[in-house]
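Here the structure is laid out as structure tokens; the discussion comes afterwards.
Please treat every number below as a calculation from the coordinates, not as lab data. As the structure is a prediction and not an experimental result, all values here were calculated from the model. Ideal geometry is used to build each Cβ from the backbone, glycine not excepted, and the neighbour counts take in all protein chains shown.
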């Protein structure tokens, strides 16, 4: 789903910039969109039971016009851009996977281990089973290191 | 506890949870919410028939996101679930949501967390408008009527425009 949204968004920026060049206007700058939360987990196609509501959390450096178009494309795909998604806490070490590289839009997915740390730290009750399942699937070493660093009590998730 | 012990313990827990996830109440609720476009779940098929509210409440123990959606869903789309008996706590928050005064936490979920779904769960993305009554001076009413007539719109629309302008300032 997200791949189509980003492809369409990139095409839209491309068309918009062609028109702007012809009209002698400033072009829309290249932008980066970093997808967080459940949406990134779903797109990563992990072997976990992930349920996601329709809101999409992102960190992005896009211009207002691109944000508006992104919202429209998400709505058409049955999703909503979370207006406070950019306030979501992620560990400062968070690494991202390349997801879509267009001429104008680049999209990345936060790596699962960092999303899990964010969830375990900020909403442990809501994500109790998701984190248990992630640990049960053989969580990576990095996840355990970060849990220690951010003082997350992993034992409380496996009770 | 070492990492390996944690993994083993989590695996034991997940055996129990996976069994519970095979329960029809869980599959039906998630399938229904998926069909309504409210939850994205890859490994559950869409479900189109009736789901009872108590089944959804049971399923919410395994997927807390259902609990977050329920108040707004009952306020805006009460027919998604068959509601024979609505728990008092849920009824209270739904009533608050309908009049735009959500303040009571629901099952530990703060009001602002479940209230935000009001804009998203309805077929019509606009929230229902809320009735309010005010006492205005005769002069204010005359201004309101003139503005509404001149702009060929309703008096409520004029008040909303004025409020938006105030917020912008």
Q: Compute the FRET efficiency between residue B:8 and residue A:150 as 1/(1 + (r/R0)^6), taking r as their Cβ-Cβ distance and R0 = 25 Å, and round to the nearest 0.05.
A: 0.65
**Q.** Candidates A:116, A:27, A:90, ranked by Gaussian network fluctuation over chain A, Cα under 10 Å, top entry
**A.** A:27
**Q.** Average Cα contact separation per residue, segment B:3-121, under 8 Å, 6 or more apart, as relative contact order %
**A.** 20 percent
Q. For the residues A:33, B:143, what sequence is obtained by ranking on other C-beta atoms within 10 Å, fewest first?
A. B:143, A:33
**Q.** R0 of 45 Å, Cβ-Cβ distance residue A:86-residue B:150: FRET efficiency to nearest 0.05
**A.** 0.65
**Q.** Cα Rg, Dmax, segment A:22-159, angstrom units
**A.** 16.7, 63
Q. At residue A:45 and residue B:89, where each label point lies 7 Å from the Cα along Cα→Cβ, what is the point-to-point distance in nanometres?
A. 4.0 nm
Q) Over chain A, what is the percentage of antiparallel beta bridges among all DSSP beta bridges, to the nearest 5? A) 55 percent
Q. Taking only C-alpha pairs under 8 Å that are 6+ residues apart, what is the relative contact order of segment A:76-120 in percent?
A. 34 percent
Q. Relative contact order (percent) for segment A:2-111, with alpha-carbon contacts under 8 angstrom and 6 or more residues of separation?
A. 37 percent
Q.
Rg and Dmax in Å for segment B:6-152, alpha carbons only: what are they?
A. 20.8, 75
Q: Return the distance in nm (one decimal) between the two label points of a simple spin-label model at residue B:142 and residue A:140, each offset 7 Å from Cα along Cα→Cβ.
A: 7.3 nm
Q. Do the sum for chain B: with -39,500 (n - 2.57) for every DSSP H run of n ≥ 4, divided by all residues, what is the mean residue ellipticity at 222 nm, to the nearest 500 deg cm²/dmol?
A. -17500 deg cm²/dmol
(Q) Residues of segment A:75-104 with the amide nitrogen closer than 16 Å to a label point 7 Å from the Cα of residue A:29, along Cα-to-Cβ, please. (A) A:104
Q. What length, rounded to one decimal in nm, is gained on full extension from residue B:166 through to residue B:23, with 0.36 nm per residue of separation minus their alpha-carbon distance?
A. 46.2 nm
Q) Classify the protein assembly as shown: rounded, prolate or oblate, from the alpha-carbon gyration tensor (a ≥ b ≥ c, eigenvalue square roots; a/c under 1.5 rounded; otherwise prolate if a/b is larger than b/c)? A) oblate
(Q) Between A:30, A:148, A:11, where does the largest GNM mean-square fluctuation fall for chain A, given springs only between Cα atoms within less than 10 Å? (A) A:148
Q: Quantify how strongly other chains surround peptide B:28-40 by giving the mean number of their Cβ atoms within 10 Å of each of its Cβ atoms.
A: 2
Q.
Give the average, rounded to an integer, of partner chain Cβ atoms located within 10 angstrom of each Cβ in A:43-51.
A. 4
Q: Select from B:53, B:69, B:144 the residue whose mean-square fluctuation is largest in a Gaussian network model of chain B (Cα-Cα springs shorter than 10 Å).
A: B:144
Q: Sticking with the crude label model, points 7 Å out along Cα→Cβ, report the distance from residue A:65 to residue B:46 in nm, one decimal please.
A: 3.6 nm
Q. Mean residue ellipticity at 222 nm from the helices of chain A, using -39,500 (n - 2.57) per DSSP H segment of n ≥ 4 over the full residue count, to the nearest 500 deg cm²/dmol?
A. -13500 deg cm²/dmol
